[in-house]
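Participant: Shown below is the structure under consideration.
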Amino acid sequence: MRRNMQPNGCIVTPSPQAPAAPHGGDGPGSTFTTLSDINDSGEIVGTYIDGSTRQFRGFIEKDGMFTSFDAPGGNRTFPSGVNNRGQIVGGIQIDRIPVGSFLATPSEN
């Protein structure tokens, strides 16, 4: 099952071959991870620094599936919340300057 965020154009990279670290640990390939929110279904959202690009990326993790994404319009993605429908909200920055926010709505493919 592939998880995509729609309709706001978030770029989503599912990583089923790279299981997430136990809750509170760093995600695959990251140098820093922070958790922002968890919903009643156990979906966790947060931000990590990609070890290869040094970019701040958003992620959602559930049942060992770590899915990273980048919100459009910036080069830093900071998810701050996830509701029980799986919608993710957060902020976008360009080089440490806040430039907007996003709402990502899941659709299963």
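Participant: Out of all the residues in the range 50-59, which are closer than 16 Å to G91 by Cβ and in a strand (DSSP E or B)?
Facilitator: Answer for the range 50-59, where residues must be closer than 16 Å to G91 by Cβ and in a strand (DSSP E or B): F56, R57, G58, F59.
Participant: Of all the residues that make up the range 66-88, how many are surrounded by 17 or more Cβ atoms within 10 Å (Cβ to Cβ) and farther than 13 Å from F32 by Cβ? Before you say what the answer is, go through the steps one by one.
Facilitator: So in the range 66-88, the residues surrounded by 17 or more Cβ atoms within 10 Å (Cβ to Cβ) come out as 66-71, 74, 76-79, 82, 86, 88.
Adding the requirement that they be farther than 13 Å from F32 by Cβ leaves 66-71, 74, 77, 79, 82, 86, 88.
Going through the range 66-88 one residue at a time, the tally reaches 12.
Participant: Provide a single number: the residues in the range 72-109 that are among the basic types (K, R) and assigned to a strand (DSSP E or B). Steps first, answer last, please.
Facilitator: Applying the first criterion (among the basic types (K, R)) to the range 72-109 yields 76, 85, 96.
Keeping just the survivors that are assigned to a strand (DSSP E or B) gives 76.
Total meeting the criteria: 1.
All of the numbers you see were taken from the coordinates with simple rules; none came from a lab. Model, not experiment: these values are computed from the prediction. Quick reminder, even Gly has a Cβ in these numbers, built from the backbone with ideal geometry, and neighbours come from all protein chains shown.
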